[in-house]
Amino acid sequence: MNPGEDLIVLADAARTYPGPPPVEALRPTTLAIRKGDFVAVVGPSGSGKSTLLNVVGLLDTPTSGRRVVDGLDTARLSARERAGLRGSRIGFVFQAFHLIEHRTVVENVALAGMYRGRPKAERLAAARVAVDRVGLSHRADFLPSRLSGGERQRVAIARAVAADPKVLLCDEPTGNLDSRRAAEIIGLFEGLSRDGLCLVLVTHDEQLAARADRRLRMRDGAVTASTSRSRRQESREDAAFAPGAADGVDCPRPRIRLVDGLAESVASVAARPGRSLLTMTGTVLGCAALTAIIGLTTTAAGQITSRFNQLQATTVTLADTATEESGVPGYSFPQRVGAKLRELNGVVDGGVYAEAFHQGWLPQISTRPEIDGGPGVGVQLRVAGAEPGTLVAAGAKLASGNGMDEFHVDSAQPVAVLGPAAAARLGIASVAIRPTVFIGDNAYAVVGVLSDTGALPDLATAVILPITTMLAHYGPPAAGQPAHALVRTDLGAAALAARQAPYKLRPENPGALTAFRAPDWSAITDDVDASVSGLLLALAGVAVVIGCVAIANTTLVAVMERTGEIGLRQALGASPSQILGQFLAESVLLGGIGGLIGSALGTATVLIGSVLQSWSPVMDPRLGLASPAIGVAAGALAGIYPSWRASRISPVAALQHS
């Protein structure tokens, strides 16, 4: 016989599984399977039938002897090359069907040929032809869960023949079927044999074996008998093994189109939406926290910086330098400071302010006078003098009353405005009952209660008198705490006001007053932002790590649950690197989607927070790409080990797991 007609040749091929004790599942066997053969392998359970089929189909590797498949000595081939040879030459029909439950009949059949690089349209067309060939065109778009056992087996047969293999290996194809459906499958196999397809069937079904052209009977791991129905199919256990069979023959390599590989990963992730969402939770939370923290921190910093910049650009303070340098109580400001300052270009308002008593000693202030020489019940509070323009320039806000006005200052009226903390300590919340406060023998009608002292926080604990009233009743400010004037300008006019104000107020001695602008707080705010952001980003990093662990754990569980699918893909021609690539792509996809969702949630948090605070949101456009990138990196890192584990599972072990 012409060795070129031999599809598969074994020469003393044996398979021993390591022990202890070692198990000789296939003893040294020599046989040849030719083009067009219809071979049935029969024997009791444990006789080595499935092991022989696995060795013939390149699902397992003989521990000794030689094996040639379609002219290629497989001992010279790598795992990837054997996968390519298996996918291009051999089709498999398994007793357990191995259908992917979330794929339709046509989609299951179209998997054949995917690892040969065929375009999807071509594979779908071939799949519909194969489905029609096995009589299931009316079920083409059904999911496997809607099929009977016989129909599922027909789908498995259609998948096996759709890639146009040279040999079809079937492991107990009728073992799970009733007699009627088994007869249908037998008839189908006979039709495939008449069409010239080489068939090798492992079966307990003597009726099916009797229809084969050749029967191999096995016992204890060895072929004990070989019978044929014609001389053409006589036994060839003595066939010569061509030592150079692989020379000059190209070995097909498994290849998959990038778009098909990505589609497989997307389909696998989409088929388990609940699990996928739970898997992504950690990454979503981590990336959302990352985006929200950076966005809110940047937005808040922008608002704070904007306010400080505005304060720096619109605020000028004048200090009584002459009094400070003299070391004695004094007061260098003229009358009606606010009115003079408002005459300068760009000045919105301003006024003088000073404290009446040294900060080391504060007077007792009460809401009722001393009676019969006894002290009133009071609290220690600051006493300050100011002009109406001072409070306006500071941005102070009234909670009750109208506050002081120019008349009160010009005529030194005994009135007072209370800072919010002072009012709380005195128990005065409103001027509706016309409250009065007493400082020693002096009584002052409360004309206003502040809710906020703005740029002068020291006044929060003060009883604020008209500056003229304070000077008249308590004299100039104490040594070491000179009077100041606060000036609020239009944006950009602060520098000009700082130069002109001393000359406006003291033209005869401008050096008595020193003007200075608000300090630059950016360095301080940057340090605070960096410290807070660093802490929050560390927490976000922990969330991302948790998400990474979740993806790794779920991917590892998925590998164990989908071991049968891994075996199917290997039988269809997937190489170890392609198995690794698919599971790694799924992990990366989960991480990337989690990053995108997290980025969207984080951005929404920034927007909502900005709206609630009446802020202008500040978002770096690069932040929108950072979270998905982090998610992809987390997914890739998490998927490396589980994907490697998937790629290391042998085809035989994978297919036995169901």
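The values are calculated or read from the model by the stated rules, or taken from the named source; none is laboratory data. The structure displayed is predicted, hence computed values, not measured ones. Every residue, glycine among them, receives a Cβ derived from its backbone with ideal geometry; neighbour counts consider all protein chains shown. Accessible surface areas use protein heavy atoms only, side chains included; no ligands, DNA or RNA. Shrake-Rupley method; radii C 1.70, N 1.55, O 1.52, S 1.80 Å.
Within the stretch 452-506, the set of residues being among the aromatic types (Phe, Trp, Tyr) and touching a residue at least 60 places away in the same chain (Cβ under 8 Å) comprises 474 only. Restricting attention to the stretch 407-428, does a residue exist that is open to solvent by less than 10 Å² (accessible area, probe 1.4 Å), out of contact with any Lys or Arg (no Cβ under 7 Å at 6 or more places or on another chain) and assigned to a loop (DSSP other than H, G, I, E, B)? Within the stretch 407-428, one or more residues are open to solvent by less than 10 Å² (accessible area, probe 1.4 Å), out of contact with any Lys or Arg (no Cβ under 7 Å at 6 or more places or on another chain) and assigned to a loop (DSSP other than H, G, I, E, B).
Please work out which one of (1) part of a helix (DSSP H, G or I); (2) open to solvent by 10 Å² or more (accessible area, probe 1.4 Å); (3) within 17 Å of residue 292 (Cβ to Cβ) is the condition residue 627 fails and give its number. Every condition holds for residue 627 apart from (2).
What about residue 487, is it touching a Gly at 6+ places or on another chain (Cβ under 8 Å) and under 17 Å from residue 353 (Cβ atoms)? So residue 487 fits the description; yes. Would you call residue 384 of a type in the set (A, V, I, L, M), more than 12 Å from residue 447 (Cβ to Cβ) and not in a helix (DSSP H, G or I)? Taking the combined requirement at face value, the residue satisfies it. In the stretch 81-98, the residues that are in contact (Cβ under 8 Å) with a residue 12 or more places away in the chain form Cβ pairs under 8 Å with partners that are in a helix (DSSP H, G or I) and basic (Lys, Arg), at six or more places apart or across chains, as follows: 91/159; 97/152.
Just one of the numbered conditions (1) assigned to a helix (DSSP H, G or I); (2) modelled with pLDDT under 90 is not true of residue 621: (1).
Of the residues 425, 368, 382, the single one that is among the charged types (D, E, K, R) and farther than 15 Å from residue 461 by Cβ is 368. When the residues of the stretch 64-96 are filtered to those that are crowded, with 21+ Cβ neighbours inside 10 Å and under 39 Å from the mean Cα position of the chain (by Cα), which remaining residue is farthest from residue 572 (Cα to Cα)? Ranking the qualifying residues of the stretch 64-96, first place goes to 82. The condition (being touching a helix residue (DSSP H, G or I) at 6+ places or on another chain (Cβ under 8 Å) and open to solvent by 10 Å² or more (accessible area, probe 1.4 Å)) is satisfied by just one residue among 451, 400: 451. Close Cβ contacts (under 6 Å, 6 or more residues apart or on different chains) running from residues in the stretch 174-188 that are crowded, with 19+ Cβ neighbours inside 10 Å to residues that are not in a helix (DSSP H, G or I) comprise 174/205; 182/174; 185/173; 185/174. Identify, by number, the condition in (1) buried (at least 20 other Cβ atoms within 10 Å of the Cβ); (2) under 30 Å from residue 87 (Cα atoms) that residue 577 doesn't meet. For residue 577, the exception is condition (1). Filter the stretch 127-151 for residues that are within 39 Å of the chain's Cα centre (by Cα) and assigned to a helix (DSSP H, G or I) and give the result. Those that are within 39 Å of the chain's Cα centre (by Cα) and assigned to a helix (DSSP H, G or I): 127, 144, 145, 146. Filtering the stretch 8-25 for residues that are more than 28 Å from residue 254 (Cα to Cα) and touching a helix residue (DSSP H, G or I) at 6+ places or on another chain (Cβ under 6 Å) leaves a non-empty set. Quick one: is residue 256 at pLDDT 85 or above and open to solvent by 40 Å² or more (accessible area, probe 1.4 Å)? Judged against the criteria, residue 256 is a match.
For the stretch 107-121, the count of residues that are farther than 25 Å from residue 37 by Cβ, basic (Lys, Arg) and open to solvent by 10 Å² or more (accessible area, probe 1.4 Å) is at least one.
Being open to solvent by 30 Å² or more (accessible area, probe 1.4 Å), aliphatic (A, V, I, L, M) and modelled with pLDDT of 80 or more is a description that applies to residue 328. Of all the criteria given as (1) outside any loop (DSSP other than H, G, I, E, B); (2) closer than 27 Å to residue 207 by Cβ; (3) not hydrophobic (A, V, I, L, M, F, W, C), the one not satisfied by residue 47 is (1).
Picking from residues in the stretch 1-37 that are part of a loop (DSSP other than H, G, I, E, B), of a type outside the set (A, V, I, L, M) and surrounded by fewer than 22 Cβ atoms within 10 Å (Cβ to Cβ), the one that is modelled with the lowest pLDDT is 2.
Here is a check on your reading of the model: is residue 441 at pLDDT below 95, in contact with a Lys or Arg (Cβ under 6 Å, 6 or more places away or on another chain) and either open to solvent by 50 Å² or more (accessible area, probe 1.4 Å) or closer than 25 Å to residue 485 by Cβ (or both)? It is false that residue 441 is at pLDDT below 95, in contact with a Lys or Arg (Cβ under 6 Å, 6 or more places away or on another chain) and either open to solvent by 50 Å² or more (accessible area, probe 1.4 Å) or closer than 25 Å to residue 485 by Cβ (or both).
Considering each of 519, 510 in turn, give the residue that is modelled with pLDDT under 90 and more than 30 Å from residue 282 (Cβ to Cβ).
On inspection, the qualifying residue turns out to be 519.
Would you confirm whether any residue within the stretch 38-55 is farther than 27 Å from residue 194 by Cβ, in contact (Cβ under 8 Å) with a residue 12 or more places away in the chain, of a type in the set (A, V, I, L, M, F, W, C) and open to solvent by 10 Å² or more (accessible area, probe 1.4 Å)? So far as the stretch 38-55 goes, no, none of its residues is farther than 27 Å from residue 194 by Cβ, in contact (Cβ under 8 Å) with a residue 12 or more places away in the chain, of a type in the set (A, V, I, L, M, F, W, C) and open to solvent by 10 Å² or more (accessible area, probe 1.4 Å).
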